[in-house]
Amino acid sequence: MSRSTHQAIVDERNAHIEIWINGEFFPRAEAKVSVFDSGFLVGDGIWEGIRLHHDRFAFLDRHLDRLFAGAAAIDLDIGLDRDGVADALRHTVEHNDMHDSVHVRLMITRGDKKTPSQHPSNVIGGPNMVIIAEHKVADPDVREHGISLFTATIRRPPPDTLDQRLNCHSKLHEVIALIQATRAGADEALMLDPTGAVATCNATNFFIVHHGELWTSTGLYNLHGITRAVVLEVAAANGIITHEAAFSLTDVYAADEAFVTGTFGGLTPVNEVDGRSIGSAGGEGSGPITSRLRNLYDAAVVADVGR
């Protein structure tokens with residue numbers, strides 16, 4: 001059975017959550033948007049995944065920076081300023097009496113259209129905003145024992161096709177890559193850029209450790225993950241040499257350690273890529289650099305929510 005970096009412990013409280021849609025709350029089973037919604041019709045929208053720790057959203061300013069940068073890039077007027085979005089997020093978790101270990105999905109589309117089409121001029125009314133907050137704790141088995149990756153044939157497109165720095169609703173290429181990986185017996189997909197260099201995974205950012213140094217991709221062909229950025233910062237601040245540069249699968253197969261990063265799972269070790277065990281031990285679990293970086297990242301989360 002495949003693992004996932006988004007695999008969570010089942011929490012029965014999620015059956016009773018209420019979902020925020022355009023300023024109103026609806027029970028989970030009644031939360032709906034129109035079939036004419038721009039996101040449903042053509043994937044026209046942006047989103048963020050945010051964690052709540054001890055009544056505070058971790059790295060909220062960074063998430064809002066990325067959200068509003070994405071909105072500007074696709075010429076979408078969200079209809080709220082930063083404080084308005086933050087208030088909606090807080091209202092959602094307070095309404096559901098949530099305080100810790102919560103994952104929030106914020107989604108904004110261009111809104112409903114009068115007829116199925118791409119053209120923004122067919123939008124009637126304003127954008128649609130949905131906030132889903134769930135009690136979610138990452139599965140500790142995945143966190144500790146890691147995942148396997150398979151290199152998909154689907155490439156990450158260049159910025160002039162679909163800029164991968166946009167956290168947008170158009171994710172079909174990532175879904176196809178993931179399907180290839182799971183059909184090949186792996187847990188998730190590793191994806192290359194148009195030059196053949198390693199780019200990222202289907203839903204997380206990818207790192208390798210080589211001779212004690214930390215490597216990740218150039219960032220031209222992947223989402224600029226918040227966790228990715230924090231890991232690079234804490235690594236550099238603690239004397240670990242970091243590289244954002246092009247590297248190949250040859251470097252991956254020879255790596256001492258590998259891991260992926262994401263808002264939900266934090267740092268998850270990678271123990272196998274394309275059937276090859278990563279690291280000299282060839283076993284499951286986190287290597288020493290991965291474990292150290294996980295501790296540094298966890299400390300950064302605590303410091304941020306404690307401000």
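Just so it is clear, none of the values below were taken in a lab; they were calculated from the coordinates. Remember, it's a predicted structure, so these values are computed and weren't measured experimentally. So basically every Cβ, Gly included, is an ideal-geometry build from the backbone, and we count neighbours across all protein chains shown.
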Quiz prompt | Derived scalar couplings ³J(HN,Hα) [the stretch 161-171; Karplus, 6.51 cos²θ - 1.76 cosθ + 1.60; whole Hz; x for Gly, Pro] | solution = 9, 8, 4, 6, 7, 7, 8, 9, 6, 7, 10
Quiz item: What FRET efficiency, computed as 1/(1 + (r/R0)^6) with R0 = 30 Å and r the Cβ-Cβ distance, is obtained for T153 and R292, rounded to the nearest 0.05?
Solution: 0.30
Quiz item: Residues with beta-carbon under 10 Å from that of T200, excluding T200: net charge, scoring Lys, Arg +1 and Asp, Glu -1?
Solution: 0
Exercise. For the stretch 28-33, just list the computed ³J(HN,Hα) in residue order, Karplus coefficients 6.51, -1.76 and 1.60, θ = phi - 60°, integers in Hz, with x standing in for Gly and Pro.
Key: 3, 6, 10, 7, 9, 10
Exercise. Let me have the relative contact order for the chain, percent, based on Cα pairs under 8 Å that are six or more residues apart.
Key: 19 percent
Quiz item: What is the extension gain from I179 to D141, computed as 0.36 nm multiplied by their sequence separation minus the C-alpha to C-alpha distance, in nm to one decimal?
Solution: 11.5 nm
Practice problem: Using only the C-alpha atoms of the stretch 1-60, find the volume of their convex hull and express it per residue in Å³. | Solution: 183 Å³
Exercise. Mind pulling the angle between the C-alpha long axis of helix 60-73 and the longest principal axis of the chain? Nearest 10 degrees, somewhere in 0 to 90.
Key: 70 degrees
Quiz prompt | Crossing angle, helix 82-95 versus the chain [Cα axis fit, 0-90 degrees, rounded to tens] | solution = 90 degrees
Practice problem: Report, in degrees rounded to the nearest 10, the 0 to 90 angle that the Cα long axis of helix 172-183 makes with the longest principal axis of the chain. | Solution: 50 degrees
Practice problem: Can you tell me which of 286-296, 197-207, 145-155 comes out highest on packing, and rank the rest after it, using the mean Cβ neighbours within 10 Å? | Solution: 197-207, 145-155, 286-296
Quiz item: Just going by the charge dipole of the stretch 1-97, with Lys and Arg at +1 and Asp and Glu at -1 on Cβ, which of L41, Q7, L52 is farthest out on the positive end?
Solution: Q7
Quiz prompt | Value of relative contact order over the stretch 12-135, rounded to a whole percent, pairs C-alpha under 8 Å and six or more apart | solution = 37 percent
Quiz item: For N96, what charge total do you get from the other residues with a beta carbon under 13 Å from its beta carbon, if Lys and Arg give +1 and Asp and Glu give -1?
Solution: -3
Quiz prompt | Local electrostatic count at V252 - Lys and Arg +1, Asp and Glu -1, tallied over other residues with Cβ under 13 Å | solution = -4
Quiz item: So what's the stretch 12-135 giving for Cα Rg divided by 2.2 N^0.38 Å, two decimals?
Solution: 1.06
